[in-house]
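S.K.: Handing you a structure now.
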Amino acid sequence: MNVNVQFREEGNRIYGVIEGEIDTYTAPMLREELEVITINKSSIIELDLSKVTYMDSTGLGVFVAFYKKVLKENAELKLVRLSSRLARLFEITGLSELMDIETDKKVEPANECI
Amino acid sequence: MKELKVQYQKVLSDYLLNQNESNLYIGQNLVRQLMKSNVSPEDLVSIHKQSLEYIVPDLPDSVLNSFDFLIEVMVDFGLMLKEHQSLLLKQEEIRIEMEIAAKIQNLLLETKIPKPNGLDIGMVSVPVRKMNGDYVHFMHDDGKYFSVAVTDVVGKGVPAALCMSMVKYGLDTLEYANNNPSYVLEVLNRIIEKSVDDSMFVSMFYGRYDLEKDIFTFGSAGHEPALYYNSKQQTFTDLDSNGLLLGVLPEMKYSQTDIHLSENDFIIMITDGVTEFRKMDNFDSRTYIKELAKSLNHLSAQEMCEKIFEYLNKLQDFLLEDDFTIVTIKKY
């Protein structure tokens, strides 16, 4: 079980691709990885979750804490390419009303074929 | 100590005379005794040097010097060993403290199932570790209302347990069962938002039952939707609302909804430990639970909870991944 994040910066935009499973054991690792990002006032941070194969509620905790941090800096956070399973977690918890979340329609059918 | 030294000398001289298995075995046993008496590695080398000097009187200086060198080198090993021993001791202390804490938590968060007129209530709550991150709170003050809160703290173990005690006292201060779910959720959200760190939240399903009118009013803060079964129509309805998890933002508003229950209707409230199956990607757990509950409707609420737990636990090869809580309310 592992999780890692690859970052790419383009001007004030930061793209991150998260890969792996996010649970009680890996959530602290993810938190550390996200803490490394320097957030400026106009930063737009986009996290791609299409390679996250599993996430439990501790993972949600990490994203909410990060979202609050980004909000404090007046920057923007976007979570993109969520599988339907992940998107459901954000919906049930009411977080999808609060955060900018995009599901990936291209990813979903592939997931269901497995 | 002196006695052990003499013994070591004897065992070593026996071995030097005859290098057989049995002499070696005696040596190994002696070393275990030395370890029990807290003889450090460097002390052991020193004993070895003295014994050898006694047994073989004319040893060349180079051999004796090499032992002095070895004694110095072994000092670090000795320190490491001490550190390891003290860690073991600390670990044992922590384990005992954890056990006491778990016992206290169980006492504090003990849930008694009330027996209001006209309702049959059942519950199963199983923690995956020592401390439970799920909590069920019932209120029934002999009046016309009965209320229930099913909660799940994001996170597990000790931090979750501490947070849960706070939720319990928050609920206790509300005192009466007649409060509106939306009000209860708003108050708790304020308490939790103020006092918990940024990555800890609580999901809660709160329901109030009007025992005279058979109206169940519910609200949810980011919780897994409950299931309502209408026995006349033989259909299930998800009791969901888009309320945000407790503790994320201050001053949140929560909505509430009324449903009317008739004879043989039931409501099943669950935590995500009941529906999340990590190893079964495409398994539709909610549909499975619905089918199962429908087939178990002839049982009492408690038996239903126990059977559902039994089936779901079996499905996961008896390896729970998350705290598991299920509460059933049946109208009779």
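S.K.: Out of all the residues in region B:181-202, which are aromatic (Phe, Trp, Tyr) and assigned to a helix (DSSP H, G or I)?
M.R.: B:Tyr183
S.K.: Then there is this: Taking B:Ser51 and the conditions (1) surrounded by fewer than 16 Cβ atoms within 10 Å (Cβ to Cβ); (2) small (Gly, Ala, Ser); (3) under 55 Å from the mean Cα position of the chain (by Cα), which numbered condition does it fall short on, given that it satisfies the others?
M.R.: (1)
S.K.: Quick one: how many residues across region A:73-114 are in a strand (DSSP E or B) and at pLDDT below 85?
M.R.: Looking only at region A:73-114, we keep the residues that are in a strand (DSSP E or B), and these are A:76-82, A:100-103.
Then keep just the ones that are at pLDDT below 85; that gives A:103.
Total satisfying the criteria: 1.
S.K.: Here's a follow-up. Has region B:202-220 got at least one residue that is surrounded by 21 or more Cβ atoms within 10 Å (Cβ to Cβ) and of a type in the set (Val, Ile, Thr)?
M.R.: Yes, the conditions are met somewhere in region B:202-220.
S.K.: Return the pairs, sorted by first residue and then second, in which the second residue is of a type in the set (A, V, I, L, M) and surrounded by 14 or more Cβ atoms within 10 Å (Cβ to Cβ), the first residue lies in region B:106-118 and is closer than 17 Å to B:Asp214 by Cβ, the beta carbons are less than 9 Å apart, and the residues are 6+ apart or on different chains.
M.R.: From residues that are closer than 17 Å to B:Asp214 by Cβ, the pairs are B:Pro114/B:Ile121; B:Pro114/B:Met139; B:Lys115/B:Ile121; B:Pro116/B:Leu211; B:Asn117/B:Leu211; B:Gly118/B:Leu211.
S.K.: Of everything in region B:232-243, what is assigned to a loop (DSSP other than H, G, I, E, B), surrounded by fewer than 24 Cβ atoms within 10 Å (Cβ to Cβ) and touching a strand residue (DSSP E or B) at 6+ places or on another chain (Cβ under 8 Å)? Give them in sequence order.
M.R.: Selection gives B:Asp240, B:Ser241.
S.K.: Scan region B:270-326 for residues that are at pLDDT below 80 and either in contact with a Cys (Cβ under 7 Å, 6 or more places away or on another chain) or not in a loop (DSSP other than H, G, I, E, B) (or both) and jot them down.
M.R.: Matches in region B:270-326: B:Gly273, B:Val274, B:Thr275.
S.K.: Output yes when any residue across region B:151-160 is more than 27 Å from B:Thr287 (Cα to Cα), within 14 Å of chain A (Cβ to nearest Cβ) and buried (at least 18 other Cβ atoms within 10 Å of the Cβ), and no when none is.
M.R.: Kept after step one, since they are more than 27 Å from B:Thr287 (Cα to Cα), are these residues of region B:151-160: B:157-160.
Okay, now just the ones that are also within 14 Å of chain A (Cβ to nearest Cβ), so B:157-160.
Restricting the remaining residues to those that are buried (at least 18 other Cβ atoms within 10 Å of the Cβ) gives B:160.
Within region B:151-160, one or more residues are more than 27 Å from B:Thr287 (Cα to Cα), within 14 Å of chain A (Cβ to nearest Cβ) and buried (at least 18 other Cβ atoms within 10 Å of the Cβ).
Yes/no per residue for (1) touching a Cys at 6+ places or on another chain (Cβ under 8 Å); (2) under 19 Å from B:Asn282 (Cα atoms); (3) within 14 Å of chain B (Cβ to nearest Cβ); (4) outside any loop (DSSP other than H, G, I, E, B):
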{"site": "A:Val17", "(1), (2), (3), (4)": "no, no, no, yes"}
{"site": "A:Thr24", "(1), (2), (3), (4)": "no, no, yes, no"}
{"site": "A:Asn40", "(1), (2), (3), (4)": "no, no, no, no"}
{"site": "A:Asp48", "(1), (2), (3), (4)": "no, no, no, yes"}
{"site": "A:Gly61", "(1), (2), (3), (4)": "no, no, yes, yes"}
{"site": "A:Tyr67", "(1), (2), (3), (4)": "no, no, yes, yes"}
{"site": "A:Leu71", "(1), (2), (3), (4)": "no, no, yes, yes"}
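S.K.: So B:Val39 passes all but one of these: (1) part of a helix (DSSP H, G or I); (2) touching a residue at least 24 places away in the same chain (Cβ under 8 Å). Which condition number does it fail?
M.R.: (1)
S.K.: For B:Asn178, all conditions in the list (1) modelled with pLDDT of 90 or more; (2) surrounded by 14 or more Cβ atoms within 10 Å (Cβ to Cβ); (3) not in a strand (DSSP E or B); (4) not acidic (Asp, Glu) hold save one; what is the number of the exception?
M.R.: (1)
S.K.: Related question: Considering every residue within region B:82-98, establish whether at least one is in contact (Cβ under 8 Å) with a residue 40 or more places away in the chain, more than 28 Å from A:Leu60 (Cα to Cα) and crowded, with 17+ Cβ neighbours inside 10 Å.
M.R.: Within region B:82-98 (the criterion being in contact (Cβ under 8 Å) with a residue 40 or more places away in the chain, more than 28 Å from A:Leu60 (Cα to Cα) and crowded, with 17+ Cβ neighbours inside 10 Å), the answer is no, since none of the residues qualifies.
S.K.: Follow-up question, since we're still on this one. When you scan region B:202-231, how many residues do you find that are more than 22 Å from B:Glu276 (Cβ to Cβ) and either among the aliphatic types (A, V, I, L, M) or in contact with a Cys (Cβ under 8 Å, 6 or more places away or on another chain) (or both)?
M.R.: Number of matching residues: 2.
The values are calculated or read from the model by the stated rules, or taken from the named source; none is laboratory data. Keep in mind that what you see is a predicted model, and the values were worked out from it rather than measured. Neighbour counts run over all protein chains shown; Cβ positions are idealised from the backbone, glycine included.
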